[in-house]
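Here's the structure, in structure tokens; my notes come after.
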Amino acid sequence: MTTPPGTDERPEPGHQPAAPPALLPPPPPAVATPPLPPPPNAPGRYPMAFDVLYPDRLSRLSTFFRGFLLVPIALVLGLLQYFITIALMFGWMTVFWRKKYPMWLFHALSGSFDYTARAWAYGALLTDQFPSFSREQSMVSLDFDDPPSGYLSRWRVLFWKGILLFPHMVVLQFLAMAVFVVTVLAWFGILFTGNYPRGMFQFSVGVQRWYHRVTAYFASFNDRYPPYALAADAGPASNAATVASGVGGWLVAGGYAVLIGVVASLGGGVKTDRVDYERLVQGRAGPSLTFEPALADGPVILSLERAYDPGDDLVLVLTPARGERIVVFEWEVWNRSGAGADIVSTAVSLRFEFDGDDGLETRRDYPEILTVGNRTVPARIEDRARVTVQAVFVLPEDAEPLELRFSGGFAGGGVRYLFE
């Protein structure tokens, strides 16, 4: 039976009306997008932005093997570091001479920092995305404002900025240790829950943000002193903070200088002995002297074996001029200090006297050739190594050796031979 027109049509009890047909397709699932940096040159913001999008889930398998996955990244970063070092020096020189940063170099260097930031974020377990050279769809964003052309300070480049950043470096050293602990704890947290604890995540991102601000200032991308802050919206530091950092930087630098002096003075000092030069030339070994470098686990033993005077027939690669002769000194060095030592040409010196234009003169020279185990310097004497060291001097024909020193490569100490 049909219902007359105008009559209300009520559904029977328990009957649900049919849903209206869908007119629009369902919305696509939400896709994570990389964080957007603040607009450039926004007032009150530091001219650099860094952020990492918080992941809802992280792969337990990728996290467990993260150490192995970092091996190829470490190789790339090692090669990239050479370019970064050269680019930094070239940028500093350009700022010093022209007060502006070359844009092509800025894009290349900032791109290198960008890749480094993605690699560090991957190593710190902040993302599962293996760092590629393309930043598209990356959960990590690092953006530097363009350097102000013609307005960069040349007198702040390198040295003064390095002094100002000393306090930052000290604080970042402690923060880096804290990030390491947080990363280890997060590794276990991800393995058990699949999530990076949000508070730890923000702390790790904040420390890296702090570091990238310091990098931007040190690279002279800008002259705005970085703040002591983890937050993304922190602005440049105040003038008072900059002055205080400069004072602290000088104090830290002076402290390091004093520490180096103290470490050097902790060595065994310079050992002195008298040597019969004629007996040494005859092949009779000189004294065997022992000194202990600063903070070493053991001594360094030097035995002066002999002197070749003249040594023209021994060194065929040198031809002395008229009125000159070659003298060769030979040691046996036994390094038991617990650490290796890098030997350079200034490790050995010889003081001698000769008849000059104004009468008897005294001069100190460094060897023309210095070899360590038949290898020319620079060379390294490893711990527990026992090697032969030869020093080749070119002297006036009438020169008389007075004093021979060996002091290079080891932190503190050395030997001095006074010839009789």
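Observations, loosely collected:
- Charged neighbours of P148, selected by a Cβ distance under 9 Å, balance to -2 (K, R count +1; D, E count -1).
- Each residue, L230 and Y54, gets one label point 7 Å from its Cα in the Cβ direction; the gap between the two is 1.3 nm.
- Counting only aspartates and glutamates at least 8 places from K100 when in the same chain, those with an alpha carbon closer than 12 Å to its own are D146, D223.
- Net +/- balance of residues flanking V344 in space, Cβ distance below 13 Å, scoring K and R +1, D and E -1: +1
- Calculated FRET efficiency for the pair S62/A240, C-beta based, R₀ 60 Å, to 0.05: 0.85
- Cα gyration tensor shape for region 54-103, rounded if a/c is under 1.5, else prolate or oblate: oblate
- Inverse of mean 1/r across different Cα pairs in region 160-199, Kirkwood, Å: 11.8 Å
- Accessible-area order (highest first, 1.4 angstrom probe) of the listed residues V76, V392: V76, V392
- Shape of region 282-348, Cα gyration tensor, a/c cut at 1.5: prolate
- The phi torsions of region 90-100, fed into the Karplus equation with coefficients 6.51, -1.76 and 1.60 and a -60° offset, translate into couplings of 5, x, 4, 4, 5, 5, 5, 8, 10, 6, 8 Hz, rounded to whole numbers, with Gly and Pro shown as x.
- Among residues other than V182 with Cβ under 15 Å from its Cβ, the summed charge is +3 (Lys and Arg +1, Asp and Glu -1).
- Amide H to amide H, with H built 1.01 Å from N, I343 comes under 5 Å of A379, R380, I381, counting only residues 5 or more places away or on other chains.
- Ordering K99, K161 by accessible surface, largest first, gives K99, K161; the 1.4 Å probe counts only protein heavy atoms, with every chain in place.
- Probe 1.4 Å - accessible area at H107, Å² to nearest ten: 110 Å²
The values are calculated or read from the model by the stated rules, or taken from the named source; none is laboratory data. Every value quoted in this text rests on a predicted model; they were computed, and no experiment measured them. Every residue, glycine as well, gets a Cβ built from its backbone with ideal geometry; the counts of neighbours run over all protein chains shown. These accessible areas exclude ligands, DNA and RNA; they are computed on the full protein's heavy atoms, side chains included. Shrake-Rupley method; radii C 1.70, N 1.55, O 1.52, S 1.80 Å.
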